[in-house]
Structures are given as structure tokens and as C-alpha cells.
Amino acid sequence: MYIYDLITTLADIRLATLSVLSNFEKDGVVYLELRTTPRAIKAANITRADYVSTVLDVVAKFNQDSTRMHCCLILSVDRRHTLQQAEEVIDIALANKARGVIGVNLCGNPMRGDVSTLKPAFARAKANGLHITLHFGEVAASGTLPELRTMLDLQPDRLGHVIHVPEEIKQEIKHRRPGLELCLSCNVLAELTTGGFADHHFGEWRDSQCPIALSVSSQSYMVRRSPPR
């Protein structure tokens, strides 16, 4: 059963958000950037704005009560979104900057969608002070030169995965020095990379000047800090 089939009301959203925050705190996390794709639930008359507002309400209360962990929010745009849908996510993000939305993320099935159609939305986000993080070169099909150049044109602060990347793009990344989010467990266990942990491409990037966030499952351990934060 998909999580979407379980979370169908505002009460469900509140419960799920609090559970996630509490589990991270129990794991010893002191700073969390929670990511979520704004979701409309038509059957319950819940808009994407309602969804985000509910999550932020829980985050605000948690931040107020917690003495150990602070959380901010990153809103995700799915690669399958239309430009209109992406612009709505950016609208919601900008409307909630003061409440703790610090950036926007590009995610979703790397085999789907045309990233170039979403450029105006991400450009507006960047121009209005939101940080940008992108799933980048996750699979070979999304590691083409045109797509990766398009994504770098979005002026990302962070790049996730960075697996299927041609040498000329690697050099451009090293020149720009965005933060790199490298998830060892995801990449190895999902077989996005080959050779196991010993051959993970962290070994290639660790001596670059790029800030690196090492991720294990849902935990991120910062090697060097980088925006958004």
C-alpha cells in the first residue's frame, strides 16, 4: 500500500510529520531539512497550500518544544509536473519563507519529464532568495549532456546523487563547487552504482573542493556544510 493511501486528512499529515521529526530527534539529529512534495487531496478538500501549512504548523511547534533539534522545510517539484504545477509550488514556497521554507528541490522518476520546461519556475525561486537542490545524473537516462547542462543553468546550491556525469560536467561542477549530496546506501542498495560501497563515487569527489553531505538511508552526516540551511 502506498503512503498516499494512508495519509488522506490533515490529522494524518500532522501525525506523520510529528512521527518523522521525533524519529530524527531520537537518532541524534540536531539540524534537519525536511523535504516534501506539496500534495492536494481533493477528496478532503485539502489544497497544496493547506498541506504545506499543516506541515509547517507541526514543524513550528516541534522547534519551539525541542531542545536538541531544529527543522526547516524544502518543497519538492516533481519532474513530471507541468510548469503551472511547478509555479504553484514556488508560490507556496515564497509565501512561507518566513515560516521556515528555505529552498526547493527537483525530484521524481529520473526517466520521466523534461526538466527544461520547469526552468522559469526555478529561475523565479532563485531570484527570490530560495536555495535549489536537484537530483542530478541519478541514472544514465538522466545523465545526458543537454539535461545536465540545463540543470546547471538552474544555478543549484546542491546536487544529489551525481552518478552518471560526463567528465566535462564533472569539471564544471568542480569549478562551481555546489554542495554534493551522496547517498551511499541508496546508491548501492538500489544498484544505481556498481562495485559496492568500496567503489562508491564518494571516493572520486572527496578530494574536490565541493562541500559534501554523506547520506546513509534517511540520515545525512555533514562532511562540510553547504547551503541551503
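The values are calculated or read from the model by the stated rules, or taken from the named source; none is laboratory data. Computed from a prediction, not measured in an experiment: that's the story for all the values here. Note that each Cβ is placed from the backbone with ideal geometry, even for glycine, and that neighbours are counted across all protein chains shown.
Cβ-Cβ distances below 6 Å connect the following pairs, each with a first residue in the range 150-176 that is modelled with pLDDT under 90, a second residue that is surrounded by fewer than 19 Cβ atoms within 10 Å (Cβ to Cβ) and aliphatic (A, V, I, L, M), and a separation of six or more residues or different chains: I163/L192; H164/A140. Output yes when any residue across the range 9-18 is among the charged types (D, E, K, R), touching a residue at least 40 places away in the same chain (Cβ under 8 Å), in contact with a helix residue (DSSP H, G or I) (Cβ under 9 Å, 6 or more places away or on another chain) and surrounded by 13 or more Cβ atoms within 10 Å (Cβ to Cβ), and no when none is. Yes, the range 9-18 contains at least one residue that is among the charged types (D, E, K, R), touching a residue at least 40 places away in the same chain (Cβ under 8 Å), in contact with a helix residue (DSSP H, G or I) (Cβ under 9 Å, 6 or more places away or on another chain) and surrounded by 13 or more Cβ atoms within 10 Å (Cβ to Cβ).
Take the conditions (1) within 19 Å of P110 (Cα to Cα); (2) in contact with a His (Cβ under 8 Å, 6 or more places away or on another chain); (3) modelled with pLDDT under 75; (4) not aromatic (F, W, Y); T194 misses just one of them, which is (2).
Answer yes or no: is there a residue in the range 46-61 that is among the acidic types (D, E) and in contact with a Leu (Cβ under 9 Å, 6 or more places away or on another chain). Within the range 46-61, one or more residues are among the acidic types (D, E) and in contact with a Leu (Cβ under 9 Å, 6 or more places away or on another chain).
Within the range 91-104, the set of residues being assigned to a helix (DSSP H, G or I) and either crowded, with 22+ Cβ neighbours inside 10 Å or without any contact (Cβ under 8 Å) to a residue 24 or more places away in the chain (or both) comprises D91, A93, A98.
Of all residues assigned to the range 58-76, none qualifies as being touching a Gly at 6+ places or on another chain (Cβ under 7 Å), touching a residue at least 12 places away in the same chain (Cβ under 8 Å), assigned to a loop (DSSP other than H, G, I, E, B) and closer than 24 Å to P120 by Cα. The number of residues in the range 77-90 being buried (at least 19 other Cβ atoms within 10 Å of the Cβ) and of a type outside the set (D, E, K, R) comes to 5.
Restricted to the range 105-132, and to residues there that are at pLDDT 95 or above and part of a strand (DSSP E or B), the residue that is surrounded by the fewest Cβ atoms within 10 Å (Cβ to Cβ) is H131. Condition check: under 21 Å from A93 (Cα atoms), hydroxyl-bearing (S, T, Y) and surrounded by 17 or more Cβ atoms within 10 Å (Cβ to Cβ). Does T37 satisfy that? It is false that T37 is under 21 Å from A93 (Cα atoms), hydroxyl-bearing (S, T, Y) and surrounded by 17 or more Cβ atoms within 10 Å (Cβ to Cβ).
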